[in-house]
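See below for the structure under consideration.
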2 protein chains.
Amino acid sequence: MKKTLLAALLSVVGMHCAVAAEPIDPIQPVKVENPALVNLGKMLFFDPRLSRSGFISCNSCHNLATGGVDNLKTSIGDRWAQGPINSPTVLNSFGQIAQFWDGRAKTLEEQAAGPIANPLEMASTHEMAVKVIASIPGYAKYFKAAFGDAGVTIDRITEAMAAFEKTLVTPNSRFDKWLKGNKKALTKQELAGYQLFKSSGCTMCHNGEKVGGSSFQKMGLVRPYETTNTAEGVKAVSGRDQDRMTFKVPILRNVELTYPYFHDGEAATLEKAVEVMGDVQLGRRYTEKETAQIVAFLKTLTGDQPKITYPVLPPSSAATPAFDPWAPAKK
Amino acid sequence: MKKTLLAALLSVVGMHCAVAAEPIDPIQPVKVENPALVNLGKMLFFDPRLSRSGFISCNSCHNLATGGVDNLKTSIGDRWAQGPINSPTVLNSFGQIAQFWDGRAKTLEEQAAGPIANPLEMASTHEMAVKVIASIPGYAKYFKAAFGDAGVTIDRITEAMAAFEKTLVTPNSRFDKWLKGNKKALTKQELAGYQLFKSSGCTMCHNGEKVGGSSFQKMGLVRPYETTNTAEGVKAVSGRDQDRMTFKVPILRNVELTYPYFHDGEAATLEKAVEVMGDVQLGRRYTEKETAQIVAFLKTLTGDQPKITYPVLPPSSAATPAFDPWAPAKK
């Protein structure tokens with residue numbers, strides 16, 4: 001009897017350990033709690049009227065057709081401004097340790113408020129964004145459905161956007177199928193890549209259900225990372241010198257789609273990104289074969305992309321402030 | 001007997017006349033003949049990699065979230081260029097007498113080739129567009145499904161885009177319901193607006209199933225139209241002085257969504273557009289009440305907007321030319 005119990009216990013512990021032994025967890029599709037809020041958030045996410053010009057929407061740089069990014073080194077902002085940093089993906093972005101490369105926003109709500117008012121991005125103001133959205137009669141019913149009344153505030157705008165963004169989860173990647181027990185889901189090369197990804201230390205940072213996004217790390221841990229990009233990382237938030245070049249560890253889900261890589265977008269290919277990471281973070285020069293294995297593994301992290309019905313936005317009214325993309329810049 | 005026959009004939013003629021008497025026809029949903037071609041066209045329509053910068057797609061200025069236009073006076077192009085003319089809607093655009101305000105393209109296929117290579121719009125070249133699309137491995141299966149093989153040419157790209165655009169029809173407007181016999185579909189004010197629209201001559205040009213798009217007309221027929229916009233209209237195509245300021249009559253379906261109005265985008269509201277049209281085309285000053293009636297009628301032309309599932313685009317490869325939005329301009 002005792003022996004059987006022990007065997008059972010060991011078996012449970014064994015199973016638990018087998019599961020817990022993988023540093024990456026499958027990602028789960030999201031449960032939508034307030035569909036009206038999500039729908040409003042989707043409309044706002046695609047609405048270019050949140051920008052000064054009336055041309056740039058959240059989706060311009062976090063394009064859901066292309067992995068939730070713009071596939072540019074750094075993003076194009078108002079008046080073709082050259083953004084300071086690479087656009088991180090909006091896919092699976094909910095629940096990270098923080099938002100932005102330097103973690104300066106705690107939540108998606110807080111993050112969403114940033115680009116609207118950033119002069120190098122959408123270049124509007126929160127006051128103007130509220131004024132514009134409130135001037136569009138067709139939005140009233142969507143705010144009412146989401147919040148109970150038609151009042152427009154910046155907090156409601158960002159709450160709705162964040163609710164939409166929370167739904168942008170990409171389950172069912174081949175790697176998740178493998179994690180869940182389908183051992184045929186990966187090829188030998190991909191599996192070898194995963195073993196190497198673990199054994200050489202990548203999973204120290206790239207772990208959990210997002211394969212990243214849960215910690216900060218210095219870029220250039222064992223060897224300085226050379227870049228002309230002037231972003232200082234967490235130092236810009238903390239003011240502390242030791243936080244220079246410390247960035248949030250990016251999410252590797254759908255990494256095949258989210259090129260180019262790093263905060264400066266300087267790695268154009270996955271091969272280059274793996275090579276540089278090995279070198280500056282782990283002090284390891286991967287062989288060509290090893291790099292190919294890791295890249296093959298990384299490509300198994302592409303999940304089902306969110307199915308988006310493109311929104312139809314309500315028209316502006318005579319009360320909507322006019323957009324003039326070429327208006328002289330304010331000093 | 002003879003009397004009955006005559007009555008029957010008169011009745012048939014009468015019915016026919018009653019239908020034929022309306023200068024506007026209902027618009028019909030489109031039959032998709034080659035869904036694979038349409039799907040490929042949708043992907044290309046949303047793909048920003050057809051532009052020099054990798055940032056601007058067809059949808060940037062013909063946004064299907066906002067009536068197939070950008071709601072700007074003139075469009076933003078490569079490097080924030082100020083376009084010369086207002087973006088016409090892509091909705092219901094198939095089968096017009098020609099494409100572009102000056103009619104310089106005969107077909108949607110021919111039109112689609114224009115902006116890709118226009119330095120003030122997408123600023124790429126046809127050669128580059130083909131090179132980019134051909135370098136994206138994930139497109140091969142879509143070209144194969146659409147054309148039988150994976151070959152990429154500019155003609156195939158524009159043929160696919162045009163096939164998609166042909167599906168962008170907006171049936172079931174309230175006015176169409178009224179045309180089809182539902183006399184409750186319009187209010188008294190809207191109906192009065194329609195009667196005035198007909199009786200004051202608007203339907204001389206704005207007729208047929210698109211309520212426009214079937215003829216060219218001089219802007220400023222009875223009184224010169226004053227504008228700082230330098231577009232010369234058909235003269236730019238024909239070279240003939242008498243074609244100066246002659247433009248294609250724009251489609252009025254969904255006109256509620258396609259503000260601002262005219263080739264120069266100078267009329268911000270429908271009220272203003274109706275007022276100016278009455279003045280310079282018809283020599284008529286509408287009263288405030290009349291203008292409100294016509295505007296009310298025009299708003300009944302908004303139909304069901306196309307239901308678009310946002311495409312997921314295949315990633316670039318190492319062979320894809322790099323995009324550098326801020327590269328020095330070529331002389």
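General observations
- Angle in degrees between helix B:270-282 and the longest Cα principal axis of chain B, rounded to the nearest 10: 70
- The amide H of A:SER173, built 1.01 Å from its N in the peptide plane, has A:ASP304 as neighbours under 5 Å, considering only residues 5 or more places off or on other chains.
- Summing +1 for each Lys or Arg and -1 for each Asp or Glu among the other residues whose beta-carbon sits under 13 angstrom from that of A:ASN182 gives +3.
- Cα-centred dipole magnitude for chain A, charges only on beta-carbon of K, R (+1) and D, E (-1), debye, nearest 20: 780
- Set of lysines with alpha-carbon distance to A:LYS183 below 19 Å, sequence-local pairs under 8 removed: A:LYS198, A:LYS299
- All other residues whose Cβ lies under 13 angstrom from that of A:THR228 are scored, Lys and Arg at +1 and Asp and Glu at -1, for a net of -2.
- Based on the convex hull around the alpha carbon atoms, chain B presents an average projected area of 21.2 nm².
- Extension gain (nm, one decimal) between B:GLU127 and B:ASP304, 0.36 nm per residue minus Cα-Cα: 60.0 nm
- Counting Lys and Arg as +1 and Asp and Glu as -1 over every other residue whose Cβ lies under 12 Å from the Cβ of A:GLU22, the net charge comes to -1.
- Computing Rg and the Kirkwood Rh from the Cα coordinates of segment B:35-166 gives a ratio, Rg/Rh, of 0.95.
- Computed over every Cα-Cα pair of segment B:158-225 and binned at 10 Å starting from 0, the pair-distance distribution P(r) comes out as 16, 35, 29, 18, 1 percent.
- Amide H to amide H, with H built 1.01 Å from N, B:GLY233 comes under 5 Å of B:MET245, counting only residues 5 or more places away or on other chains.
- With respect to chain B, whose longest principal axis is taken over its alpha-carbon atoms, helix B:108-117 is tilted by about 50°.
- Dividing the convex hull volume of the alpha-carbon atoms in segment A:174-301 by its residue count gives 98 Å³ per residue.
- A simple charge model with +1 on the Cβ of Lys and Arg, -1 on the Cβ of Asp and Glu and nothing else charged puts the dipole of the protein assembly as shown at about 1320 debye relative to its Cα centre.
- Remark: mean inter-chain Cβ contacts per residue of A:163-169 equal 0, using a 10 Å Cβ-Cβ cutoff to other protein chain atoms.
- Zone of A:ASP25's modelled label, taken as backbone nitrogen in segment A:84-126 under 16 Å from a point 7 Å along Cα→Cβ: A:92-98
- What the Cβ-Cβ distance of B:ALA318 and A:GLU110 gives, at R0 = 25 Å and to the nearest 0.05, is a FRET efficiency of 0.10.
- Taking the longest Cα principal axis of chain A as reference, the axis of helix A:2-20 is set at about 50 degrees.
- Backbone amide hydrogens, once placed in the peptide plane, bring A:LEU168 within less than 5 Å of A:ASN92, excluding anything fewer than 5 places away on its chain.
- For B:ASN172, label point 7 Å along C-beta direction: distances to other copies, nm: 2.7
- Counting neighbouring beta carbons within 10 Å and listing from fewest to most, the residues B:ARG223, A:ARG52, B:ARG156 come out as B:ARG223, B:ARG156, A:ARG52.
- Each listed q (0.14 Å⁻¹) maps to a log10 I(q)/I(0) for segment B:102-253 from the Debye sum over equal C-alpha point scatterers, namely -0.93.
- Burial ordering of B:GLU109, A:GLU22, fewest other beta-carbon atoms within 10 Å first: A:GLU22, B:GLU109
- Pairs exceeding a 18 Å alpha-carbon distance, out of A:LYS31/A:LYS307; B:LYS106/B:LYS235; A:LYS73/B:LYS131; A:LYS166/A:LYS235: A:LYS73/B:LYS131; A:LYS166/A:LYS235.
- Choice from B:VAL90, B:VAL295, B:VAL237 with maximal GNM fluctuation in chain B (Cα, 10 Å cutoff): B:VAL237
- At 7 Å out from Cα toward Cβ: A:SER317 inter-copy label distances (nm, ascending): 5.3
- Sorted by Cβ neighbour density within 10 Å, fewest at the top, the residues A:LYS166, B:LYS42: A:LYS166, B:LYS42
- Rounded to the nearest Hz, the phi-derived 3J(HN,Hα) couplings of segment A:310-326 under the Karplus curve 6.51 cos²θ - 1.76 cosθ + 1.60 (θ = phi - 60°) are 4, x, 9, 8, x, x, 5, 10, 4, 7, 6, x, 6, 9, 9, x, 10, where x marks glycine and proline.
- Isotropic mean projected area of the C-alpha convex hull, the protein assembly as shown (nm²): 41.6
- Cβ-based charge dipole, segment B:74-232, positive-most Cα from B:PHE197, B:GLY213, B:ALA112: B:PHE197
- Listed by chain and number, the aspartates and glutamates whose C-alpha is less than 17 Å from the C-alpha of B:LYS177, apart from same-chain residues fewer than 8 away, are B:GLU22, B:ASP25, B:GLU190, B:GLU209, B:ASP304.
- Distances from B:ASP304 to itself in the other copies, using label points 7 Å out along the Cα-Cβ axis, amount to 2.6 nm in increasing order.
- Calculated [θ] (222 nm, deg cm²/dmol) that DSSP helices of n ≥ 4 give over the protein assembly as shown, each run adding -39,500 (n - 2.57): -10500 deg cm²/dmol
Readers should treat all values here as calculations from the given coordinates under stated rules, not as data from a laboratory. Please read these numbers as outputs of a predicted model, since none were measured by experiment. Using ideal geometry, Cβ is built from the backbone for each residue, glycine included, and neighbour counts are taken over all protein chains shown.
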